1. For segment 233-299, what is the relative contact order in percent, using Cα pairs closer than 8 Å and at least 6 residues apart in sequence?
2. Can you put HIS309, HIS135, HIS179, HIS261 in order of accessible area, largest first, using a 1.4 Å probe?
3. Mind running the shape call on segment 227-289? Use the C-alpha gyration tensor, a ≥ b ≥ c as the square roots of the eigenvalues: rounded below 1.5 for a/c, prolate if a/b tops b/c, oblate otherwise.
4. Once you list every other residue whose beta carbon is under 13 Å from the beta carbon of ILE278, what net charge do they have if Lys and Arg are +1 and Asp and Glu are -1?
5. If you roll a 1.4 angstrom probe over the protein chains with everything in place, what fraction of the accessible area of segment 106-237 belongs to carbon and sulfur, to the nearest %?
6. What does the net charge come to around LYS244 if you take all other residues with beta carbon closer than 11 Å to its beta carbon, with K and R at +1 and D and E at -1?
7. From the cross-link list LYS117/LYS164; LYS244/LYS287; LYS164/LYS275; LYS159/LYS275; LYS244/LYS284; LYS117/LYS192, which pairs have alpha carbons spaced over 21 Å apart?
Amino acid sequence: MGRKRCVGGDGSKMAAGCCGVKKQKLSSSPPSGSAGPGGGGGGSHCGGAAAAGGEPGALPPPGGPRLNGLGGLAGGAAGCALSPPLPPSCGGGPAGLSPPSASLLASPGSGGPGCRKMVVSAEMCCFCFDVLYCHLYGYQPPRSPRFTNDPYPLFVTWKIGRDKRLRGCIGTFSAMNLHSGLREYTLTSALKDSRFPPMTRDELPRLFCSVSLLTNFEDVCDYLDWEVGVHGIRIEFINEKGSKRTATYLPEVAKEQGWDHIQTIDSLLRKGGYKAPITNEFRKTIKLTRYRSEKMTMSYTEYLAHRQHHHFQNGIGHPLPPYNHYS
């Protein structure tokens with residue numbers, strides 16, 4: 001509260017990482033002279049883990065550099081805000097259809113009261129499943145979808161199984177037009193996340209897809225000036241060898257891991273490749289950018305139900321094989 005803020009950043013040149021991290025054993029007590037969970041603005045919400053920049057051999061993709069959630073190049077996912085009305089079906093089908101379940105909701109909390117209508121939608125997750133399905137089965141890629149094609153920093157996250165284990169998560173902090181950006185990062189996160197083998201057809205029925213759009217980038221002067229569960233954070237620091245490194249966690253990561261501000265910062269430094277002892281004085285040298293995100297999640301079962309609704313509406317009795325329902 002009342003902390004001085006620096007000039008807001010737009011995030012246009014930032015690289016991004018992804019959500020889902022392994023549990024780490026981190027001290028729950030902040031070091032002397034530092035703030036505890038409420039020190040920089042406590043709270044709770046959802047998000048993703050992300051990355052370190054400048055690794056050897058990094059090849060920036062068309063939409064900007066990618067980073068994974070383990071401190072290496074690859075990519076990410078993001079948090080969320082208000083729960084919007086659900087679209088009746090994928091591909092902009094007739095408005096009379098009811099969604100198959102109530103689980104296709106954006107993660108709550110990041111938007112705050114009175115914020116604008118969310119951009120992220122279930123159709124975006126549906127489109128990502130279409131892109132992946134068509135790729136794995138050798139069909140022509142789906143046509144351009146009907147949802148907005150405005151540019152946003154974005155992440156696509158795949159999880160699998162009842163326990164929703166991370167299966168792939170890559171994105172970019174560089175704003176990309178959503179149609180091409182989601183198409184690209186759907187396949188990049190599913191097939192090229194260096195932490196996992198490429199996805200296979202057999203895994204499709206157990207998948208969950210999340211689309212995250214990043215917004216509200218702000219540079220802050222105090223490394224504690226962000227809220228756990230509300231803000232994603234991107235840090236920039238100089239490592240023990242004198243090299244500039246960056247790393248990011250999406251908004252949901254700290255809350256999911258049960259971390260406070262200090263634990264999150266220290267974990268992020270380690271993921272960014274910092275190996276020296278972490279002191280409070282070093283933390284104060286970090287340049288921190290906070291951001292918010294909108295996130296929508298859909299299971300493969302829900303995806304099939306949406307497609308089936310649209311198929312029946314067009315006189316087609318079975319949702320498979322995939323079809324180009326976008327115009």
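1. Numbers: 61 pairs, mean separation 28.9, N = 67.
Once normalised by length, the contact order is 43 percent.
2. Values: HIS309 60, HIS135 95, HIS179 30, HIS261 0 Å².
Accessible-area ranking of HIS309, HIS135, HIS179, HIS261, largest first: HIS135, HIS309, HIS179, HIS261.
3. On the way: a/c = 2.02, a/b = 1.76, b/c = 1.15.
In terms of gyration-tensor shape, prolate.
4. +2
5. On the way: 2450 of 4960 Å².
About 49 percent, which is the carbon plus sulfur part of the accessible surface.
6. Numbers: positive: LYS241, ARG245, LYS287; negative: GLU236.
Neighbourhood net charge equals +2.
7. Numbers: LYS117/LYS164 28 Å; LYS244/LYS287 11 Å; LYS164/LYS275 30 Å; LYS159/LYS275 30 Å; LYS244/LYS284 15 Å; LYS117/LYS192 33 Å.
Beyond 21 Å between Cα atoms: LYS117/LYS164; LYS164/LYS275; LYS159/LYS275; LYS117/LYS192.
The values are calculated or read from the model by the stated rules, or taken from the named source; none is laboratory data. Small disclaimer: the values here were computed from a predicted structure and weren't measured. As a convention, Cβ positions derive from the backbone with ideal geometry for all residues, glycine included, and neighbour counts pool all protein chains shown. We work out accessible area using only protein heavy atoms, side chains counted, and drop any ligands, DNA or RNA first. Shrake-Rupley method; radii C 1.70, N 1.55, O 1.52, S 1.80 Å.
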